[in-house]
1. Return the residues of segment A:63-73 that are more than 7 Å from chain B (Cβ to nearest Cβ), within 16 Å of B:GLY308 (Cβ to Cβ) and either under 18 Å from the mean Cα position of the chain (by Cα) or surrounded by fewer than 21 Cβ atoms within 10 Å (Cβ to Cβ) (or both); say none if nothing qualifies.
2. Report, by residue number, each residue of segment B:200-217 that is within 32 Å of the chain's Cα centre (by Cα) and part of a helix (DSSP H, G or I).
3. Which condition from (1) assigned to a helix (DSSP H, G or I); (2) closer than 29 Å to A:VAL10 by Cα is the one that A:LEU139 breaks?
4. Regarding segment B:22-31, can at least one residue be identified that is among the β-branched types (Val, Ile, Thr) and surrounded by fewer than 24 Cβ atoms within 10 Å (Cβ to Cβ)?
5. In segment A:1-22, what count of residues is obtained for those that are within 11 Å of another protein chain (Cβ to nearest Cβ), in contact with a Ser or Thr (Cβ under 7 Å, 6 or more places away or on another chain) and farther than 22 Å from B:LYS130 by Cβ?
6. Does B:PRO153 meet the test of being crowded, with 21+ Cβ neighbours inside 10 Å, within 14 Å of chain A (Cβ to nearest Cβ) and over 29 Å from B:TYR415 (Cβ atoms)?
7. If the requirement is being within 26 Å of A:GLY15 (Cβ to Cβ) and not aromatic (Phe, Trp, Tyr), which of these qualifies: A:VAL123, A:VAL71?
Amino acid sequence: MKQHTLSVLVENRAGVLSRVAGMFSRRGFNIESLAVGTCEEPNMSRITIVVNGDDGVVEQMMKQTNKLIDVIKVSDLTARESVKRELALIKVAAETGAARAEILQIADIFRALVVDVGAKTLVLQVTGDTGKIDALETLLRQYGIKELVRTGKIALLRGAKTVKSSK
Amino acid sequence: MKTGARTLIEALQREGVDTIFGYPGGVVLPIYDELYDSSIRHILVRHEQAAAHAADGYARASGRVGVCLATSGPGACNLVTGIATAYMDSIPIVALTGQVPTGLLGNDAFQESDITGITMPVTKHNYLVKDVADLDRVVQEAFYIARTGRPGPVLVDLPKDVTTSPAKSGGTVPETVSLRGYQPTYEGHVRQIDKALDLIARAERPLIYAGGGVVLSGASAELLEFMETAAIPVTTTLMGLGAIPGDHPLCLGMLGMHGTQSANYAVTECDLLLAIGVRFDDRVTGRIETFAPNAAVVHIDIDPAEIGKNKKVDVPIVGDVKAVLQAFLRRMKKRGDTANWVSKINTWKAQYPLGYCDDGRLRPQYVVEQLSDILKGEGIIVSEVGQNQMWTALYYCFKKPRTWITSGGLGTMGYGLPAAIGAHYARPDMPVVDVAGDGSIQMNIQEFGTVAQYDIPVKVVILNNMYLGMVRQWQELFYDRRYSYTELPPVDFVKIANAYGIEGLKVEEKDGVRGAIETALATDGPFVLDFRVEREENVFPMVPAGAAINEMIGVRQR
Ligand SMILES: Cc1ncc(C[n+]2csc(CCOP(=O)(O)OP(=O)(O)O)c2C)c(N)n1
Ligand SMILES: [Mg+2]
């Protein structure tokens, strides 16, 4: 089983997310992460879906997704040159001065931003690929992660190529 | 003042709708008021499920889009089984549902149900119309989506304020529909077609496995010409029966769980399988690893997602079956030498005919054989689900497409009678017979009311075994004859029919079968025949669940 990143261009209409997500769950396809938002076209949205599966299963996922009337285009970015990013917010316990200092140092190395400072906690914002965020999470676990939220991966092809043309 | 409801009716008329099967209620009152003096005929069913099945039967018999209409909440929910039935068999219907006013949506208002949410998994697409200005476009798209590409049901949910508010002059309705997310492929890829033709020219034991897609695509003539030109034997799925004449010398009948021996042996021994408008359903393939184990596979289907879904394919061809077969005929240069193969198949056919015990008792197979012999293919046969369905599939000789109407994919008991009603309105020139089981007929028996009210000349042939026979058969074979909740007490169906004002006859002797069928067919109006058949008759041959399709039980040899 391999991890695949699918970029799905959809009509920006009510219910489109539930059509896509519903089809995945109905057919027993597991979604690792899903990120959705507006894109360069005013009436479209782009959904980035990370899935695990054999090539045959992923091919089925793509074909079934493509069948949805509100889906305009589906591309598998996995084997193509692309930038993939995820953002995470991590609320970590920082009760002692020593812990606080160490956390700030770690944050620095990961180019994470400190976006909130509380009496007993820090909130870090980190962007990067999935591996980087996993690594930071592992390092911070010793201090006590109070809360963590990740956006799920988003991705774009590198260079002038785009995921646009009609299906 | 022109309202949304009026707009709707005009949009339906533009789509050529002549008949709607429906049931009224609060939020569809504005639509019903427009129907009152509309040229569109409305058939009042007795349960919304029947409206959906009738629309489906209408679509299957005519090839046009069937239409049903129901009120919000319970009415819409009652359509669901019918919509799912159409979805599984790729049947084009448009289901119109009323909905609570937009201002109340999401409020748990009286008779509100999220029918677009509920039907998302069982429709090709659906719409909730929130603005009357969208109505023309949505109706046009709904019909377009339902009938094009791989056909399927589309639901349009219509809040009451949308149908009551003044129509907005949304300008002209576009000539053609263009949806950037929906562009079906009709023409097959030429290189793939030539690859397939190359395999055909070299194959020694080719076999065509044809399904419902041939019927949906209207490709019977092309298939017939191709199979004859290339001298390739054909087996059809349950849904493909009638695509070619059942008595054609190259026809092997149905394959699969209750397929003929010759068809299942041919699949197992063929070296080239041409899968045309099929989806390798588990009821067809048995254990998929052993299905056509020696064959290269060519798969033609309009839905790319069906190709490679269940079985690895060597030559995929995405396209409309009719267009692809036309290309086959145009481009074919050389046919293979299939003489030995065809003669082997003929030996099988002679050696392993279908058969049942002929001891003078009234057996269900005999009833179907007589029906077949009397109608000679000149009628529309609808079935319920269970043994009755399989006996009809096996013992009735279908000669033309769209003369066999059955719920294949979902296997919906209660489908037959309402679908027969729909078939009648599609083809009033044809006799329509519903072959039923005593269990299935009771699932929508209230439709005797519809049949009586409109004097619909549907003939209902009940193969009454006083069992949920197909389930009983499994209990007999695989559960040690423990008949757990499958026995049905006797019902006097003739009396029920009479109570609705329908004529009927009970038949208990083999001798009475032919005369009873002739009487029913000679009667102008509806007719119910209650055949008290051998109770523990089984459908054979049968491939047990999980077995390879050549591992049949209940086989016969001459
Ligand atoms: C709505 C529905 N419920 C249950 C089933 C499961 N089922 C399949 S065949 C069958 C028995 C059908 O009995 P009957 O209509 O008498 O037909 P027979 O097999 O006796 O010919 C049942 C219960 C079904 N297919 N559909
Ligand atoms: Mg029965």
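The values are calculated or read from the model by the stated rules, or taken from the named source; none is laboratory data. Since we're looking at a predicted model, the values are computed, not measured. Heads up, the Cβs are rebuilt from the backbone with ideal geometry, glycines too, and the neighbour counts pull from every protein chain shown.
1. Correct list: A:ASN66 only.
2. B:ILE200, B:GLY212, B:GLY213, B:VAL214, B:VAL215, B:LEU216, B:SER217
3. In the conditions (1) assigned to a helix (DSSP H, G or I); (2) closer than 29 Å to A:VAL10 by Cα, A:LEU139 misses (2) alone.
4. So in segment B:22-31, the residues among the β-branched types (Val, Ile, Thr) come out as B:27-28, B:31.
Checking the rest, the ones that are also surrounded by fewer than 24 Cβ atoms within 10 Å (Cβ to Cβ) come to none.
No - not one qualifying residue is present in segment B:22-31.
5. 1
6. Considered against the rule, which asks whether it is crowded, with 21+ Cβ neighbours inside 10 Å, within 14 Å of chain A (Cβ to nearest Cβ) and over 29 Å from B:TYR415 (Cβ atoms), B:PRO153 comes out as no.
7. Values: A:VAL123 fails: within 26 Å of A:GLY15 (Cβ to Cβ).
That would be A:VAL71, the only listed residue that is within 26 Å of A:GLY15 (Cβ to Cβ) and not aromatic (Phe, Trp, Tyr).
One line per residue, one yes/no per condition, for (1) of a type outside the set (D, E, K, R); (2) within 14 Å of the chain's Cα centre (by Cα); (3) outside any strand (DSSP E or B):
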{"site": "A:GLU32", "(1), (2), (3)": "no, yes, no"}
{"site": "A:GLY37", "(1), (2), (3)": "yes, yes, no"}
{"site": "A:GLU40", "(1), (2), (3)": "no, no, yes"}
{"site": "A:SER45", "(1), (2), (3)": "yes, no, no"}
{"site": "A:ILE90", "(1), (2), (3)": "yes, no, no"}
